[in-house]
Amino acid sequence: MAESEPGGEIARSELRASHEDRDRVVELLRVSAGDGRLTAEELDERLEQAMTARTYGELARLVADLPAVGSAVGPVVGPATAPRVKDVVRIDTRSGHVKRIDRWIVPQRMEVKVTSGHVLLDFTQAVITQPTLKLDVEVRSGHVRLLTRPGIVVDADEVAVRSGHVRVKAPWGTEVPVQLHVEVTGKVGSGHLVARPRYRNFWQWLTRQPKPYAITAR
């Protein structure tokens, strides 16, 4: 039976965790292993505990010695505290470089125009508050790269290609629950549109650390 704080309220650490709470902790453990903070054995042990955890307290103990604990363990963001999500974000680059990395807030729609520059949209730590992102691209001779993670599905079937190429890679299969569906439309001239997971760096590859997306769906 969960213990109560003075006044009859249940302690926050004893509140029941949801599937989404467990998924957030699993993702943090995966990233930490990819960064070299956890060994393969530690990762396997903590993943098993995370998938069977019942409360916030049990999840918090698994990531207490890792960065970004506050963002990984806690109740689902409610309407009162949810980050402000923009309806449309427009990116127009001629020959420069534009990046959206770390904990950026994914909008409802993005319009990306690239003449000869590069645009990187890194979803590995992005704040996702809705199930769908509509991404309209116009790539002439530059590059648009999407870094994904398990739970993010990219559909680029509606993109018209002239002499460039479109490549979507999702090695984790269809059993992973979908958190964000990226619907890509538009056209690619002689440029490139690529969606893939983050690669291991040389040291991670040399020491045979698990791939960033190497988590079996349970």
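Ranked highest first by average number of other Cβ atoms within 10 Å, how do 92-105, 182-195 line up?
Ranking the peptides 92-105, 182-195 by packing returns 182-195, 92-105.
Tell me which residues come under 5 Å, amide H to amide H, from Val168 once H is placed; ignore anything under 5 positions away on its chain.
Residues meeting the criterion, in which the H sits 1.01 Å from N, are Ala195.
Could you give log10 I(q)/I(0) at q = 0.14, 0.23, 0.24 Å⁻¹ for segment 87-152, computed by the Debye formula over C-alpha point scatterers of equal weight, without solvent?
Normalising to I(0) and taking log10 leaves -0.39, -1.00, -1.07.
Report the net charge of residues surrounding Glu183, where surrounding means a beta-carbon distance below 12 angstrom and charges are Lys +1, Arg +1, Asp -1, Glu -1.
Combined, the nearby Lys, Arg, Asp and Glu give -2.
Enumerate the calculated ³J(HN,Hα) couplings along segment 45-58 in order (Karplus 6.51 cos²θ - 1.76 cosθ + 1.60, θ = phi - 60°), each rounded to whole Hz, writing x wherever the residue is Gly or Pro.
5, 6, 4, 4, 5, 5, 6, 10, 5, 9, 10, 4, x, 5
In whole angstrom, how far apart do the alpha carbon centroids of segment 12-64 and segment 135-174 sit?
A separation of 30 Å, based on Cα centres.
How would Thr148, Thr52 rank on accessible area, largest to smallest, probe 1.4 Å?
Ranking Thr148, Thr52 by accessible area, largest first, yields Thr52, Thr148.
What relative contact order, as a whole-number percentage, does segment 78-184 give when Cα pairs under 8 Å and 6 or more residues apart are counted?
25 percent
Residue by residue through segment 182-192, which ³J(HN,Hα) values in whole Hz follow from phi under the Karplus form 6.51 cos²θ - 1.76 cosθ + 1.60 (θ = phi - 60°), with glycine and proline marked x?
9, 9, 9, 10, x, 8, 10, x, 9, x, 9
The values are calculated or read from the model by the stated rules, or taken from the named source; none is laboratory data. Quick caveat: nothing in here was measured; it's all calculated off a predicted structure. Backbone-built Cβ (ideal geometry, glycine too); neighbour counts: all protein chains shown. Ligands, DNA and RNA are excluded from the accessible area calculation, which covers all protein heavy atoms including side chains. Shrake-Rupley method; radii C 1.70, N 1.55, O 1.52, S 1.80 Å.
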